[in-house]
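Remarks on the structure that follows.
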Amino acid sequence: MRYFFLALFASVSLHAADTPKAPLMAGAATSNITPELGGEVVGGFLPYPCTNIHDELHARCLVLDDGKTKLALVVCDLLGLHRSVSTTARALIEQETGIPAANVVISGTHTHSAVNTLGGPVRGYFSDQELTDYQKFVARRIADGVRRAIHLLRPAEIAFGTVDVPEHVHIRRWFLQEDKMPLNPFGKIDKVKMNPGAGNPALIKPASEPDPTISFIALREPGGRLISVYSAYSLHYVGGVNGADISADYYGMYCEALNRLQTGGSDGPPFVALMANGTSGDANNINFRNPQPRKKPYEQMRYVAEDVASKVNASLANVTWQNSAPLAARYRELSIAWRKIDPALIAWAKETEAKTPRIQGKADLPLSYAGRVQRLAKASPETKAAVQILRIGDICIGTTPTETFAETGVEFRKRSPFAKSFMIELAHGYYGYMPTPRHFELGGYETWPGTNNLEPQASVKMMDALLEMAAEVK
Ligand SMILES: [Zn+2]
């Protein structure tokens, strides 16, 4: 098999004079990042130790090579990852493979049944942190996965596709009848409520619209079997695991389901699917207008995963394959201010801490936010928030390090100089939710200081930088 690839590559190279485009190469591999039992699961309001592995967690890695430039795209089964995890993994990749750190994108899926890689050993808001043992392990495994994908580089054809799957994405921020709005942890009344409860009779309307579009990039051996499909859907996560299980949520199940749908021999390297999170900070899988019956553990995530995989698989039949794709990347770290905490809020936090009894194992919202705002107030004024553009032929991917709102991804798609554009979130860091300025006016969970950690203009600054970088690589 290898001789065949080398021969094919050589014959294409010989004709380089009359075919100026270099052939595209692609390779994909996975690296297991499952934590030890007992690690603290991070998706709930309070952490709890994991007692079982329902399905393994992976760093899924895709490497592309146009003959001059290599890109690596990595999606990890994690709630998110601290900037320092990405920095460490990309430094290893650059040292060991020569792929520049700026050409590597590493993002988390936002599975809630994973162990914490968001923060370091010290709680607080820092651009750079010492890594925990698990974070070091994840960084090492990401770099190994990229190296394994490089070992599998082979001639490839590329295609882009989209498919709208509106049925699984619902906006979770709602206007309620005014007298039905509860107090927020700071003792104020917001204009919208996050997760107001399915079938709540006080529902008026959602605060925005979800993004139903799945974008995908497919790679296959020339005329042959699939190498990889990199996809993105703006669905927060599905959830519904059993007890204190570790699971990759629907993201991992989607990858398995798409794999099962492929026909063709099992010889040769395995097909690798990746499902990145699009922009889903305000959209989840709960149908608030039409409540769905309660499901057994894993039932709903399997249903979503298999439905999405079958729709992506069906649209693969209609794509146009190309044998070249010039590659480019731009990576910038923006100086974005941490959310300002005014003295009145600090006074509220101190007062709340003084008067609230602490009960072990019981979450108390005001007490939790009292801690968060005081830690946020101690952060250095600005952070180094990374944004990145990847150009893959006529396709453009923009990334943010936050839980980005659906409308931001839609705006990027409209304003990008590339007709085939999409955005992914939770790349190169975890800075909490990033509402657009108009959502700060509405309030709600995602805008509270401590769930939102960056200045209200962050989404505008990131969009501007992304569009500038996209124009540079056009
Ligand atoms: Zn979230």
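The values are calculated or read from the model by the stated rules, or taken from the named source; none is laboratory data. Keep in mind that this is a model prediction, so the values were computed, not measured. In this analysis, Cβ positions are derived from the backbone assuming ideal geometry, glycine residues included, and neighbour counts consider all displayed protein chains.
Side notes on the structure shown:
- Residue count for region 105-122, restricted to those that are more than 16 Å from the ligand (Cβ to nearest atom) and not β-branched (Val, Ile, Thr): 2
- Which listed residue is touching a residue at least 60 places away in the same chain (Cβ under 8 Å), away from the ligand (no atom under 16 Å from the Cβ) and in a helix (DSSP H, G or I), from 390, 376: 376
- Only one of the listed residues (142, 158, 150) is of a type in the set (Val, Ile, Thr), over 19 Å from the mean Cα position of the chain (by Cα) and assigned to a helix (DSSP H, G or I). That residue is 150.
- Matching residues in region 189-231 - criterion: being touching a Gly at 6+ places or on another chain (Cβ under 9 Å), assigned to a loop (DSSP other than H, G, I, E, B) and small (Gly, Ala, Ser): 207, 224
- All of (1) buried (at least 20 other Cβ atoms within 10 Å of the Cβ); (2) within 30 Å of residue 370 (Cα to Cα) hold for residue 203 with one exception: (1).
- One residue from 67, 108 being assigned by TED's automatic domain parsing to the domain that holds residue 140 and at positive phi: 67
- Qualifying residue in region 143-164 (condition: away from the ligand (no atom under 16 Å from the Cβ), surrounded by fewer than 19 Cβ atoms within 10 Å (Cβ to Cβ) and under 27 Å from residue 284 (Cα atoms)): yes
- One residue stands out in region 232-244 among those that are part of a loop (DSSP other than H, G, I, E, B) and of a type in the set (A, V, I, L, M): the one that is nearest to residue 422 (Cα to Cα), namely 235.
- Yes/no for residue 237 being within 16 Å of the ligand (Cβ to nearest atom), in contact with a Leu (Cβ under 8 Å, 6 or more places away or on another chain), among the aromatic types (Phe, Trp, Tyr) and closer than 18 Å to residue 297 by Cα: no
- Within the option set 264, 252, 268, 243, being under 30 Å from residue 452 (Cα atoms), at pLDDT below 95 and away from the ligand (no atom under 16 Å from the Cβ) holds for one residue only, 243.
- Qualifying position, being under 21 Å from residue 450 (Cβ atoms) and in contact (Cβ under 8 Å) with a residue 60 or more places away in the chain, among 112, 54, 58: 112
- Complete set of residues in region 278-315 that are assigned to a loop (DSSP other than H, G, I, E, B) and within 16 Å of the ligand (Cβ to nearest atom): 278, 279, 280, 281, 282, 285, 286
- Positions within region 80-102 being buried (at least 24 other Cβ atoms within 10 Å of the Cβ) and touching a strand residue (DSSP E or B) at 6+ places or on another chain (Cβ under 9 Å), in sequence order: 80, 81, 85, 86, 89, 90, 93
- Count of region 58-79 residues, restricted to those that are more than 16 Å from the ligand (Cβ to nearest atom), part of a loop (DSSP other than H, G, I, E, B) and buried (at least 24 other Cβ atoms within 10 Å of the Cβ), is 0.
- Residue match in region 80-101 (condition: within 18 Å of residue 32 (Cα to Cα) and within 16 Å of the ligand (Cβ to nearest atom)): yes
- With respect to the stated conditions, residue 320 fails to be assigned to a loop (DSSP other than H, G, I, E, B), under 21 Å from the mean Cα position of the chain (by Cα) and touching a residue at least 40 places away in the same chain (Cβ under 8 Å).
- Residues satisfying the stated conditions in region 212-251, i.e. closer than 25 Å to residue 158 by Cβ and over 20 Å from the mean Cα position of the chain (by Cα): 219, 220, 221, 222, 223, 224, 225, 226, 227
- Scanning region 271-323 for residues being surrounded by 14 or more Cβ atoms within 10 Å (Cβ to Cβ) and at pLDDT below 95 gives a total of 1.
- Considered as a group, the residues in region 393-432 that are among the small types (Gly, Ala, Ser) and not in a strand (DSSP E or B) include one that is nearest to the chain's Cα centre (by Cα), and that residue is 429.
- Looking only at region 444-466, residues that are in contact with a strand residue (DSSP E or B) (Cβ under 7 Å, 6 or more places away or on another chain), under 24 Å from residue 180 (Cβ atoms), of a type in the set (S, T, N, Q) and outside any strand (DSSP E or B) come to 1 in all.
- Picking from residues in region 125-137 that are out of contact with any strand residue (DSSP E or B) (no Cβ under 7 Å at 6 or more places or on another chain) and in a helix (DSSP H, G or I), the one that is surrounded by the most Cβ atoms within 10 Å (Cβ to Cβ) is 135.
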